[in-house]
């Protein structure tokens, strides 16, 4: 069995003052973190957590705190709130991406114009689908993500568009084009 992981780094320190208490609580469940005096450096050595647990009293307390700015997380949690639950609540965060939380933070922040996230995809077995990565660029207006697979597909499409018919034929047959000399 292959084990997949996606180590992730949020490159900017997220100022604690820019996060609501709810956002901070959830982000610190999703990621590992280090405090650096001004805020939190968020990362995960294995993979950001998709399933987080919140105690019922914490759930109620966090939702009761007056939100000091728009939070799509708060809206999502209210819509997915377990009614009458007395056991810890497991939230499937794969339905609500942490990128949305980070975008809300950028929208309110006086110091962050954007947040960048870098993720590596690795696998315990050498599988072609088990390696790669992704970069995300998050602003107040949009979230842009690009994977290494997308990058390679874009390069191949550009190559196909610009390559001569002879070069395309050689590439399809696995041969070197005549004008290319192998080295080594």
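The values are calculated or read from the model by the stated rules, or taken from the named source; none is laboratory data. In this text the structure is predicted, and so the values were computed from the model without any measurement. Please note: Cβ atoms are built from the backbone with ideal geometry, for glycine as well, and neighbour counts cover all protein chains shown.
Every condition in (1) buried (at least 18 other Cβ atoms within 10 Å of the Cβ); (2) free of Cβ contacts under 8 Å to residues at least 60 places away in the same chain holds for residue 94 except the one numbered (1). Annotation: residue 1 fulfils all but one of (1) in contact with a helix residue (DSSP H, G or I) (Cβ under 8 Å, 6 or more places away or on another chain); (2) without any contact (Cβ under 8 Å) to a residue 60 or more places away in the chain; the unmet one is (1).
Just for region 144-167: of the residues that are more than 22 Å from the chain's Cα centre (by Cα) and surrounded by 14 or more Cβ atoms within 10 Å (Cβ to Cβ), which one is modelled with the lowest pLDDT? Give the derivation first.
Keep residues of region 144-167 that are more than 22 Å from the chain's Cα centre (by Cα), which gives 155-167.
When the remaining residues are screened for being surrounded by 14 or more Cβ atoms within 10 Å (Cβ to Cβ), the result is 163, 167.
Values: 163: 71, 167: 64.
Going through the qualifying residues, I end up with 167.
The set of residues in region 14-25 that are crowded, with 20+ Cβ neighbours inside 10 Å and touching a strand residue (DSSP E or B) at 6+ places or on another chain (Cβ under 7 Å) contains only 14. In region 139-158, the residues that are farther than 30 Å from residue 108 by Cβ reach residues that are surrounded by 14 or more Cβ atoms within 10 Å (Cβ to Cβ) with C-beta atoms within less than 7 angstrom, at least six apart or across chains, in these pairs: 148/132; 148/133; 149/132.
Here are some residues: 113, 141, 104. Which one is closer than 27 Å to residue 70 by Cα, surrounded by 14 or more Cβ atoms within 10 Å (Cβ to Cβ) and modelled with pLDDT of 90 or more?
Working: 113 fails: surrounded by 14 or more Cβ atoms within 10 Å (Cβ to Cβ); 141 fails: surrounded by 14 or more Cβ atoms within 10 Å (Cβ to Cβ).
Step by step, each of 113, 141, 104 is checked, and only 104 is closer than 27 Å to residue 70 by Cα, surrounded by 14 or more Cβ atoms within 10 Å (Cβ to Cβ) and modelled with pLDDT of 90 or more.
Taken as a whole, the condition of being loosely packed, with under 13 Cβ neighbours inside 10 Å and over 30 Å from residue 128 (Cα atoms) applies to residue 86.
Residue by residue, here is whether (1) in a strand (DSSP E or B); (2) farther than 26 Å from residue 16 by Cβ; (3) in contact with a strand residue (DSSP E or B) (Cβ under 8 Å, 6 or more places away or on another chain) holds:
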{"position": "91", "(1), (2), (3)": "yes, no, yes"}
{"position": "103", "(1), (2), (3)": "no, no, yes"}
{"position": "119", "(1), (2), (3)": "yes, no, yes"}
{"position": "122", "(1), (2), (3)": "yes, yes, yes"}
{"position": "126", "(1), (2), (3)": "no, yes, no"}
{"position": "133", "(1), (2), (3)": "yes, yes, yes"}
{"position": "137", "(1), (2), (3)": "yes, no, yes"}
{"position": "141", "(1), (2), (3)": "no, no, no"}
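In this structure, residue 17 does satisfy being under 18 Å from residue 109 (Cα atoms) and modelled with pLDDT under 95. Here residue 181 meets each of (1) modelled with pLDDT of 85 or more; (2) more than 14 Å from the chain's Cα centre (by Cα) with one exception, condition (1). Would you be able to say whether some residue in region 58-76 is exposed (fewer than 13 other Cβ atoms within 10 Å of the Cβ) and at pLDDT 95 or above? No, there is no match, as no residue in region 58-76 is exposed (fewer than 13 other Cβ atoms within 10 Å of the Cβ) and at pLDDT 95 or above.
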